[in-house]
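The values are calculated or read from the model by the stated rules, or taken from the named source; none is laboratory data. This one's a predicted model, so the numbers in the text were calculated from it and none came from an experiment. Glycine also receives a Cβ, built like all others from the backbone with ideal geometry; neighbour counts cover every protein chain displayed. For accessibility, only protein heavy atoms count, side chains too; no ligands or nucleic acids. Shrake-Rupley method; radii C 1.70, N 1.55, O 1.52, S 1.80 Å.
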Amino acid sequence: MTDKATLTIGDKSYDLPILKGSTGPDVVDVRKFYGDSDHFTFDPGFTSTASCESKITFIDGDAGILLHRGYPIGQLAEESSFLEVCHLLLNGELPSADEFTKFERNITYHTMLHAQFDTFFQGFRRDAHPMAVMTGAVGALSAFYADSLNVDDPKQREISAHRLIAKMPTIAARAFQYSQGRPFVTPRNELSYSENFLRMCFSVPAEDWVPNPVLTRAMDRIFILHADHEQNASTSTVRLAGSSGAHPFACIAAGIACLWGPSHGGANQEALEMLEEIGTVENIPAFVQGVKDKKYKLMGFGHRVYKNFDPRATVMQKTCYEVLEQLGINDPLLHVAMELEKVALSDPYFIDRKLYPNIDFYSGITLRAMGFPKEMFTVLFALARTVGWISQWKEMFEDPSRKIGRPRQLYTGATQRDYVPVDKRG
Ligand code: SDX
């Protein structure tokens, strides 16, 4: 059992402690390396760098394993509920029946938004991308909840976490209704989290809204699948923003902005647009050739960590079948997706690069069948990931060794030179 690594530069050697986790790769602790060696380590994409210690989510990319506080994602998706997973991620344990009742009540009674907040949406064009609305709206929440911005107060940190988890569905539903030109729908306290969200999205004043338990269960399971995922780009954004002492509303808004990128949470919209562009099974070979010619990426495929199946994609695919069957939809794009997956998984180009479907490959077909336009797909991802972001923010903030994140660089620009007056420049 090695407890240190030795790095030699020229005639000097540096001993670096090796830190061990409860599972997964050990880490070489380089915190003192620059001070001792006057060298930085260099890892722009964090491909070999652990940015923090965490107890929340563990991923084994080679084995296709995802654990939330030790519980496998497949079991949570089948047995648990999104709110119970929220309690697990935030507090570290599955709640007792009484703890869940209290937690659910706390969340339920924070779902309303300030009446003045609803006018905020009026500032956007109706055709604004809902992710633009979400980024602005969540950042603006701090203007309404000044009583829970003191991040040094554990009670205020807890209230902010509950408010964010509770209000994201209300804000997301408002972003959707606003884009559709429909009136906003007030949350109902007697409904479950996912049922409340679906009602706020799809009910219209002209008739009573009838819940569909299969769709409610599918929505809840989709939220569970998207809840947290270790130190991905948007979570790292939230942690870095939080390391400066920024309050959680600002940090979550930063996470939403990062998630929007097509390489990250924006991939679910891009994956559906890709399937629409392919259109039919007959067009798959030509499209795949374009991927291999590096004209474009296969959206919904590949992952920085998973070099095997994304365990969430497997559950997502099953949910997709359930929803389409429940709604009696025979979506030709599902056949295109399934054939594209089969072709890609048997092609050496993808096999050699360990490219498998990720969570975004089947989510678009499912969400479209449920009635969401593709512009809402990343909004739903952000809604679900809010609990992961705020749990990771809480863990970062409560870490006694917390320091402001401040990476260094390899500088390759101009070395010092003197100013040249404009009449002397070449
Ligand atoms: C999410 O990090 C997380 O946990 C994210 C997430 C979460 O829950 O938070 O899981 C959510 O963001 C899922 C990923 C969604 N993104 C996409 O589906 C977009 C398509 N995927 C790619 O952009 C890519 O796979 C990434 C960004 C996801 C990962 O890229 P990496 O790890 O930086 O891998 P890479 O770019 O170094 O690729 C290695 C090789 C390259 O080929 P070569 O240069 O070796 O010839 O694989 C190729 C890449 O060109 N490659 C792909 C590909 N992904 C990688 N080729 C075609 N299609 C793809 N999708």
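Can you tell me which residue within region 278-317, out of those that are open to solvent by less than 60 Å² (accessible area, probe 1.4 Å) and aromatic (Phe, Trp, Tyr), is farthest from the ligand (Cβ to nearest atom)?
Checked region 278-317; the qualifying residue farthest from the ligand (Cβ to nearest atom) is Phe287.
Among the residues of region 155-167, is there at least one that is open to solvent by less than 20 Å² (accessible area, probe 1.4 Å) and not in a helix (DSSP H, G or I)?
No, because not a single residue in region 155-167 is open to solvent by less than 20 Å² (accessible area, probe 1.4 Å) and not in a helix (DSSP H, G or I).
Out of Leu215, Leu240, Leu272, I need the residue that is within 24 Å of Tyr193 (Cβ to Cβ), out of contact with any Ser or Thr (no Cβ under 8 Å at 6 or more places or on another chain) and part of a helix (DSSP H, G or I). Which one?
Among Leu215, Leu240, Leu272, only Leu215 is within 24 Å of Tyr193 (Cβ to Cβ), out of contact with any Ser or Thr (no Cβ under 8 Å at 6 or more places or on another chain) and part of a helix (DSSP H, G or I).
Would you pick out the residues in region 7-46 that are open to solvent by 70 Å² or more (accessible area, probe 1.4 Å), over 30 Å from Asn232 (Cβ atoms) and touching a residue at least 12 places away in the same chain (Cβ under 8 Å)?
Lys12, Asp36
Residue pairs, Cβ under 8 Å, 6 or more apart or interchain, first in region 52-66 and among the β-branched types (Val, Ile, Thr), second part of a loop (DSSP other than H, G, I, E, B) and more than 14 Å from the ligand (Cβ to nearest atom). List them.
Final answer for the pair search is Ile56/Arg69; Thr57/Arg69.
Residue-by-condition table, conditions (1) within 27 Å of Ser148 (Cβ to Cβ); (2) open to solvent by 10 Å² or more (accessible area, probe 1.4 Å):
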{"site": "Asn212", "(1), (2)": "no, yes"}
{"site": "Met219", "(1), (2)": "no, no"}
{"site": "Leu225", "(1), (2)": "no, no"}
{"site": "Thr235", "(1), (2)": "yes, no"}
{"site": "Ser244", "(1), (2)": "yes, yes"}
{"site": "Pro248", "(1), (2)": "yes, no"}
{"site": "Cys251", "(1), (2)": "yes, no"}
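Just a yes or no: is a residue in region 388-401 under 16 Å from Glu270 (Cα atoms), within 16 Å of the ligand (Cβ to nearest atom) and either free of Cβ contacts under 8 Å to residues at least 60 places away in the same chain or open to solvent by less than 10 Å² (accessible area, probe 1.4 Å) (or both)?
no
Farther than 25 Å from Leu76 by Cα and outside any loop (DSSP other than H, G, I, E, B): does that describe Leu367?
No; evaluated as a whole, the condition is false for this residue.
So which residues in region 259-269 are within 10 Å of the ligand (Cβ to nearest atom) and surrounded by fewer than 24 Cβ atoms within 10 Å (Cβ to Cβ)?
Selection gives Gly261, Pro262, Ser263, His264, Gly266.
Lys318 fails exactly one of the following numbered conditions: (1) under 23 Å from the mean Cα position of the chain (by Cα); (2) free of Cβ contacts under 8 Å to residues at least 12 places away in the same chain; (3) outside any helix (DSSP H, G or I). What is the number of that condition?
Result: Lys318 fails condition (3) only.
Could you say whether any residue in region 69-84 is at pLDDT 95 or above, part of a loop (DSSP other than H, G, I, E, B), open to solvent by 70 Å² or more (accessible area, probe 1.4 Å) and more than 21 Å from Lys403 (Cβ to Cβ)?
No, every residue in region 69-84 fails to be at pLDDT 95 or above, part of a loop (DSSP other than H, G, I, E, B), open to solvent by 70 Å² or more (accessible area, probe 1.4 Å) and more than 21 Å from Lys403 (Cβ to Cβ).
Which members of region 343-359 meet the condition of being under 24 Å from the mean Cα position of the chain (by Cα) and either open to solvent by less than 10 Å² (accessible area, probe 1.4 Å) or hydroxyl-bearing (Ser, Thr, Tyr) (or both)?
The answer is Tyr356, Pro357, Ile359.
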